[in-house]
Every structure is written in structure tokens, then in C-alpha cells.
Amino acid sequence: MEINSAKKLKKLEGMSSTPKYRTRMSDIVFEIVNHTFFLVFALACIFPFYYLFINTISDNELVRIGAITLIPKGIHFRNYLSLTNVNDLGQAFKISILRTIIGTALMVGSTALVGFLVTKQEMWGRSIWYRFMVITMYFNAGLIPWYLNMSMLGLTDNFLGYIIPGIVAPYNIILVKTYIESIPAELEESAYIDGATYMTVFRKIIWPLSKPILATIAIFGAVGNWNSFQDSLILMQNDASLHTLQHRLWTYLNEANNLAAMMQGANGQLSASQQAQLLDSKTIKYTVSMVTVLPIMFVYPFMQRYFEKGIMLGAVKG
Amino acid sequence: MKTDKLVKTTKERITDILFYVYRIIIILLLITLCIPAINPANVSELINDNMSLFTSGIDYASLTAGIIRAVTLGWVQESSFVIIFISCMVIIFSYAGIAVNACMSLGSLKMRRLGNIVALISSVTGLAGMGGIYQAYVQLCETSKPEKVGPHFPFGFIVIVGALLIILVFSLLLLMLQPKPDADDVYELKQKYKLFLLLSPFILLTFVFSYLQLWGWRYAFYDYNAGDTLSKDNFVGFKWFTYLFQNSATRSDIVRVIRNTMAMSGLGIATSWCAMAFAIFLCEIKSLRIRRFIQTCTTIPNFISWVMVYSFAFVLFSSEGLVSNLIVRNGGTAVNFLMNGDHIWLKMLLWGMWKGIGWSAIIYIAGISGIDQQLYEAATVDGAGRFQRMWHITVPGLLPTFLVLLLMQIAGILSNGLDQYLVFRNPNNASGIEVLDLYVYRLGIGSGVIPLSTVVGMCKSLISVALLLVANRASKMIRGNSIV
């Protein structure tokens, strides 16, 4: 018996000791490969931001001849100041900011209210109305009926076309509803016993307590509003003063691309003025790109705190 | 409410039925406010056929957009249109009153009576507004150029007057039928209705923006060009559906577009495990700092728009971009890689992964941290190596999440989104990049072929919903709970 267990022990030791050396060696290789892969990928993700940025702050002449690769040279910030001279850019910036602020505020306020209301069992037809709203996540009539509908409602070439359709956001309603259901019901009940109305309970209890989830949807809503490009492109076809910054940037990039295509087609035989236009537009384009992406980079650190929570809540069904 | 009796009298029953009919008529009436076909103010050819009553009452500029020539030539008086505008505004106000009544009709007896009185006043006001429109119509009929002004008696006029008269009569009837409220009765609503009324604006918004679109599917059955009105004359039945298959040019377009869509979605589905692998290997990095850094860097591309991604592509790969600069510096000529249409499916996939993989991995990372650590310890004791632990513990732990996401992805196989392909599209890669969404956009918005693009979009929507239902059923069978 004793011999047997000793043998077993030896066997166990042998088993763990010989491969241990091998795993350690392969571990090191694995660690190096793994770290390298992820660090390279991480750099690949942020390099475009960095490259764009150093091109906007480097000496314009050096940028023109393509001398900037990794290190900015001749740093200046005149490009950002000169953006004020670019036509329509200020207007596009204003539209983007306005729609982000107004659209997000309205979306958050109404989502909070709707999320609260649909938790009330005593509402007339509660589950029907809740499903009526939430089911719209899963179908749409298609792009053209959507456009025709918006046009019928007079929301084409109209700033409200950015705002009103976003007020009811079914996915966010699910998130907020799920969150509110996790708040202890006693808090509300005691308030009702004290004679509080629904709106008082909403303002004094639900709103303050669901701030974390509201912050989450606010940040996602704001990013979505800032980035949205399709509605500007399709709804605001006839009124360029309502184009968002994303749309404007796309126009600039396209203009440059058309010129570049002409250059390619004509074997570089481009008139001097066209060439000058192409080169001048380069720094402007880069700077506009940077301005478009900067707000995202500013809010990103705040977002990080929330987005894991957001995506996890989204993963569980409402 | 003191009148809560168990047995209702005949009178009360009639009142109840009347109230139901009354509310339905009111809701229908309110809907007509935004339907151009039933605009009572459309009394002349000079008024745009696509204007609803609501627009006619708030937007004088659009109402009178077509009359300038007629006014300057003296065919019509501008005052007629001012009358129409003011009448429309009055009618909108009366509608508001009627809507208020519809809400109040859910309340206590005293509240209902007040509501009925409001409705009575409102409907009379509305009828006065209709009288104003009729007056304007008579004025327009006296024009010297009837063929240019084209006065016509709108179909909507009769409908609206009829509805307003019904509301008037109902309000009177209900006022007579209902018992007088007690002196101590108060204005109040039942809680369940109060909650419903608080929610109702949002229900209305959902209806208007998500359900009303479906009404646009009717364009698929008409020969419609922008600015036309739909009528019996241009009704063509299923012409566009058969056209889709019979016209050889369209058919080859559709085949190409479907192939692109399937290829790109298929590549996306075939590589969907990458996010899981990304998460698993990322969690092998023990240093929390490095992991955080990597996560921060790889998630940020998810939050920039596709226009921005294109801008990056432009900065790096166009003929003036970084890669070309490096080539030129080494003695080559600048190349615009974006103009190159080769391997476009693969390129789109790579951009998609660059943008999305870090974000998609988050859910798996959270999933990994939810796996019981004891499983790993036990496996280590049993002599399982790193890869064995990954394969036998982590992967099975993440598989349910993976399957749900995969099913959702399969359900969305026809919806690649528009932005990415639109921004990257150019003449050289157009044939390979055009997915279904982009095709519909270019056909409908770009070329203005509305019926055909509606047909394509309609088929796409229906197939997507069907796929979603199938995926849901599959999920129920595999995992025992649904995804929708």
C-alpha cells in the first residue's frame, strides 16, 4: 500500500515536473507572440488618429510633399484657426452640435419617462403598448418608404427631421425599464402612500436613482447623433445649410477624390489650378476630419466607464 | 365615482357604446390631419397635392408656393389663400379641442361633461373653418382662367365635414344621455387612464415614425414618379414585382447585388468567431494595465463614423496618403489604393473588423470573467495546458453568447447597412461593393425609381423578418429561450 502510494506520488511528480519545463518554454513564446499581436493591433487602431493629428499640426509645405511620417515637424495650429474661413463649416458644426444636444436630451428624457411608465402594471393596456413600441426594433419598411413617410410629414429639409424620429428609442426603453425594475418597489410605494403623484415619484425617486443607466444611454445617444450621416444625406438633399459635419466632411473627401480620379485618368495632366486646389484642400480636409473626430475622443474616457455596463445590459433580454 | 353599479342600465350601455364609436372617430379624424389625400383645403390645382391639412395650416409659404404667377396675372386674389390658411389654422385648433375631449372622455362624469362641451365648441369652430374654405373655393371658382387655376371640390371636404357633424351630434347626444354629476363629483381620471395618457404621445410617435412607413409600401403597386399623386390611373398591380424578374438588366443587377450582399455578410459570419478568439487571447495577458491599454485602443474605432473611417483610409491609402508617400520616397509612383476594385469584399471585411472587433470582444471578455475560476484550477491540476483550458472551458462557456450573436447575424444577413459601402464606393469598385441597401438607396434616392426600389426594400424587409423568426425558433430549440 505504502509503496503503491509512493509510486503514485513519484508518478505525479514526474508528470508535473517534466512537462513543466516544456510549458514554461512555450509559455514564454506564447506570451511574446500574444503580446506582440495585441500591441501591434492596438497601435494599428490608434495610428490613424495620430497620423491625422500630426499632419494637421505640421508645417503645411512638408505635409504637401508628404514628408510627415511619424514625427510632426514645424508644429503650428494655424490650420485650426483657418477653418473659420472654410465656407459652411461653421454652420455644419452648429447643426451637428445642436442635434447632438437637443436630440440626446429629448431622447434621454422621454426614454426615462417611458421606461418608468411601462413598469406600471396598472396602466391600461400596458403590455400591448410596450410591445407595440419595442417590436419596432425588429422591422422597418425599407429606406424608400421611410423617406417618403418623412417627406409626407414635412420633415425633409427640416431640422426637426433629426430630432423627432429619435425621441422614442425602443432599445434604450428596454434598458431603462429593466433598470427601473431593479429599483426596490418599496421606495415608490411609500411615496404613493404619502400622496405623491406619478410625476413626483418620477422626478424625485426614479430619475435620481436611474442616473447611471441614463448616463449610459445619453452617451451612446450623443455619439450616435454626432456620427449619424445617413439622415443628413437622405433627408436634407435640398438644403445644404442643414448638413451635418459628417456629411460635410464626406463632401470634401469626395471632391478631393474626384479630383484625384481625374488626375489618375489624365496621367497626371492636371491643370495648375486643379493641382493647387487638390493640394490646398489636403490640409483643410485633414483638419476638418480631426475636428469631426475630436469630440468623440474627448468623451471617450467618460464613455469607457459606462459602455461595458451598457453592452452587458443589452445582452440580457428586456 | 359613485355610479359604480353592478348592473348597467340600457341608457348607460348606449352611452358606453357611443363613447367608443366617438373615440374611434376622433382618432381617425386626427389621423386625417397628416394625410395629403384627405386634405379639405386642396381646392385648387395651384395647391400642392402632397400637402396635408396640418401643413396647410402652419406653413403659409408652402401653401402659396404655386400661386405667385396666378396672383400677379390677376387670375386669383391672394386673399382667397389667406382665407384658406386661416381656416386651416382654425380647424387645427378645433382638432386640438376634440383631442382634449377624447382624453377627458376617460375621466369622471364631471370631466366627461366638460369634455363634451369642449368637443361641441370645437366641432362648431371646425365647421366654421370648413365654411371659410368653402368661401375660398367659391371665390376661386369665379376666376377668369378656370383651366389654369383648376378649382375642384376636394373629396376630403365632405369626409371632414361629415366627421365634424358626427362629433357635434354625438357630443349633444352624450350631454343629454348622461346623468347630471353630483355636486361633490370632482374632475378626475382613473389611474390606469392617467398612465395611458402620459404614455400616449410616445405611442403616437412610434406609430407615426415606425408603423406609418408601412403605408409607403403602396408605392410598390403604382407607376409613380416624384411629385405624382397616386390614383386609379397609375395603379399597376404587381407589375414591378414581375419586372424585377423579367427585365434582364434589372435581374442581372439584382443577382449581382445579392451576390455582394451574401458574400459580405457571409464573410462577416465566417469570421464572427474572431471576436471570441480576440477576447480569449486578450484575457491571457496577465498585466491588467496592458490589457486595459489594448482594450482602450481597440474599442475606439467603434465610436467613429464610417465617414471618419473613410477619412482615415483616405489619409493612409489614397494617392496623397502615407503609403503612397512612402512609395514615392523610395522612387516609385503614387498609387491610389482606394480606387482599386480588386478584393473589395476582403477589404470591406478588414475595415469592418478594424472598426468592430474590439467592441464585439467586450461581451466575450465579460463572459470570460463570469466563468467559474475553480474550473480552471481543477483543469490545471488535471494537467490541462493553456490551449486545452481555452478549448475545453472558456470556449464552451462562451458558446451560448456566441450562438445568440451568430443567429442574430444570420437573421440580419440582408442588412449590411448603407454607410460603409456608400462612403467607400467609387466607379472602380462599384460592381463589387454594391450591397442591397446601397442598391436601394442609389435606385430610389439617386435615380428616383421609387416603385422598383420600394419593391426591393419590401422584399428585403419581409425576408429579414422571416429570417428573424426562424432564428428565434432555432434559438428556442437550441438553448430553450428566445432572442427576440
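On the beta carbon distance between B:Arg23 and B:Val323, with R0 = 56 Å, the FRET formula returns roughly 0.25. One Cα centroid belongs to region B:86-149, the other to region A:185-234; the line between them spans 37 Å. Distance from the Cα centre of region B:161-181 to that of region B:288-349, in angstrom? Centre-to-centre distance over Cα atoms comes out at 69 Å.
Modelled label positions at B:Trp345 and B:Arg218, each set 7 Å beyond Cα in the direction of Cβ, lie 4.1 nm from each other. Per-residue extension of 0.36 nm, minus the Cα-Cα distance of B:Asn481 and B:Arg289, leaves a gain of 65.4 nm for this segment. Treating each Cα of chain B as one equal point scatterer and applying the Debye formula with no solvent, the log10 of I(q)/I(0) at q = 0.14 Å⁻¹ comes out as -1.27.
Could you give the distance between the Cα centres of region A:162-181 and region B:406-451, to the whole Å? Here the two parts' Cα centres lie 28 Å apart. Averaged over residues, the count of other Cβ atoms within 10 Å places the peptides B:310-320, B:58-68, B:214-224 in the sequence B:310-320, B:214-224, B:58-68, highest first. Membrane-span-like helices in chain B, defined purely by DSSP H runs whose alpha carbon atoms cover 18 Å or more axially and whose average Kyte-Doolittle hydropathy reaches 0.0, are B:10-32, B:78-104, B:109-141, B:155-177, B:191-206, B:248-270, B:344-369, B:395-411, B:450-479. Modelled spin-label separation between B:Gln373 and A:Ile65, with each label point placed 7 Å from Cα along the Cα-to-Cβ direction: 5.9 nm.
Checking the a/c ratio against 1.5 first, then a/b against b/c, what shape does the Cα gyration tensor give for region B:395-484? It is oblate, given that a/c is not under 1.5 and a/b is not larger than b/c. Loop-located chymotrypsin sites (Phe, Trp or Tyr not before Pro) in region B:155-190 (DSSP state other than H, G, I, E, B) with a sparse environment of at most 15 neighbouring Cβ atoms within 10 Å: B:Tyr187.
In summary, the convex hull built on the alpha carbon positions of region B:233-479 has an orientation-averaged projected area of 18.7 nm². Cα convex hull, region B:2-189: 105 Å³ per residue, rounded to a whole number.
Evaluate Rg over Rh across the protein assembly as shown, taking Cα atoms for both radii and Kirkwood's formula for Rh. Walk me through the numbers before you get to the answer.
On the way: Rg = 32.2 Å, Rh = 31.1 Å.
Result: Rg/Rh = 1.03.
For the pair B:Tyr243 and B:His392, a Förster radius of 56 Å applied to the C-beta separation gives a FRET efficiency near 0.50, rounded to the nearest 0.05. Only Lys, Arg, Asp and Glu carry charge here, each on its Cβ (+1 for the first two, -1 for the last two); on that basis region B:233-479 has a dipole of about 160 debye about its Cα centre.
Taken about its Cα centre, the protein assembly as shown carries a charge dipole of about 2000 debye when Lys and Arg each add +1 at the Cβ and Asp and Glu each add -1 at the Cβ. As a size descriptor, the averaged projected area of the C-alpha convex hull of region B:431-484 was calculated at 4.8 nm².
Here's the picture: charge each Lys and Arg Cβ at +1 and each Asp and Glu Cβ at -1 in chain B, and of B:Ile371, B:Ala70, B:Trp359 the one pushed furthest to the positive end of that dipole is B:Ile371. The stretch between A:Asn238 and A:Met137, if pulled fully straight at 0.36 nm per residue, gains 33.4 nm over its current Cα-Cα span. Given their separation in residues at 0.36 nm each and the Cα-Cα distance between them, B:Ala65 and B:Leu462 gain 139.0 nm when the chain is fully extended. Dipole orientation for region B:233-479: of the candidates B:Leu316, B:Leu436, B:Met477, B:Met477 has the Cα lying most toward the positive pole (charges on Cβ; Lys, Arg +1; Asp, Glu -1).
Take every Cα pair under 8 Å whose residues are at least 6 apart in sequence, average their separation, divide by the length of chain B, and the relative contact order is 14 percent. With 26 Å as the limit, the listed pairs B:Lys8/B:Lys180; B:Lys8/B:Lys110; A:Lys73/A:Lys282 all fall inside it between alpha carbons. The alpha carbon convex hull volume per residue for region B:295-380 rounds to 156 Å³.
Just so you know, all these numbers are worked out from the coordinates, no wet-lab data involved. None of the values given here were measured: they were computed from a predicted structure. Methodologically, a virtual Cβ is constructed for each residue, glycine included, from the backbone with ideal geometry; neighbour enumeration extends over all protein chains shown.
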